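Trainee: My questions all concern the structure below.
What follows draws every value from the coordinates through simple rules; no lab data is involved. If you're wondering where the values come from, they're calculated on a predicted model, not measured in any experiment. Methodologically, a virtual Cβ is constructed for each residue, glycine included, from the backbone with ideal geometry; neighbour enumeration extends over all protein chains shown.
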Amino acid sequence: NFLGLVNQSFYDGIFYHRIIDDFVIQSGDPECTTVGVYPGTNLDCGEGGSGETIPFEWDANLTHINGAIGMARGADPDSAESQWYICDTPQHGLDHGNRTLPDDPGYAVFGVVREGIELVRAAAAVPTTNDIDGDGPTPRAQGGPDRPLYEVHINSITLSGWVPEPVVPSPEPEGTLAVELLAGTLVVAGALGVAWWLRWREV
């Protein structure tokens, strides 16, 4: 899901719409673009997504360490679309098994910041507002919750170092399709100049 959206330039030009110091910085809503002069933006900023949900993909080997990258979602564990966040300090309360509600499975981590964590820290320290009405050119122009007062902008996110390694399949009966499995290491560079390391597996 994330890789496909990156290849579509889905995240280019949007900003981090939710920032909580010592917690997370969150982005991924295509509605969160500057209209006129920041903090002017669209009325639905913070509530949008790609329109396609993905199932909850928890991995016990990936937890909310400092710099962890995870998928944001609503109350439904399978409601994640395109919004994601980066942890500013460890946030293991978001992990599977550490939630306070019995039916809450936590949040899915899919990557971690390898270089540039100081930029994440700087972004997390940007002052924010919870003023829902705002005082910009459109309603909720500075609205929150936790909307940064200064724009933290994503110019682009690109993929580099992605080299699929095909696995030779076992012989298949004539008339069937062979399935090629992809495995590799992905480096994503873009938002805030941060390089992210992701382990990607397609099954």
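Trainee: If you find the alpha carbon centre of region 33-74 and of region 82-116, how far apart are they in angstrom?
Mentor: That distance is 12 Å.
Trainee: Taking amide H positions as placed in the peptide plane 1.01 Å from N, state which residues far from Gly40 in sequence (5 or more) or on other chains have amide H under 5 Å from it.
Mentor: Here the answer is Val35, since their amide H atoms fall under 5 Å of that of Gly40.
Trainee: A follow-up question, please. With label points built 7 Å along Cα→Cβ from the Cα atoms of Ala125 and Asn98, find their separation and express it in nm.
Mentor: 2.4
Trainee: Work through the residues other than Gly97 whose Cβ is under 13 Å from its Cβ and net out their charges, Lys, Arg +1 and Asp, Glu -1.
Mentor: Taking every Cβ under 13 Å from that of Gly97, the sum is -3.
Trainee: Here's something else I'd like to know. Quick one: which residues, 5+ away or cross-chain, put their amide H under 5 Å from the amide H of Leu149? H built at 1.01 Å from N.
Mentor: Thr128, Thr129
Trainee: At 7 Å along Cα-to-Cβ for each site, give me the label-to-label distance between His153 and Glu57 in nm.
Mentor: 3.0
Trainee: Hey, what's the Cα Rg ratio for region 1-148 versus the globular rule of thumb, 2.2 N^0.38 Å?
Mentor: For region 1-148, the normalised Cα radius of gyration comes out at 1.03.
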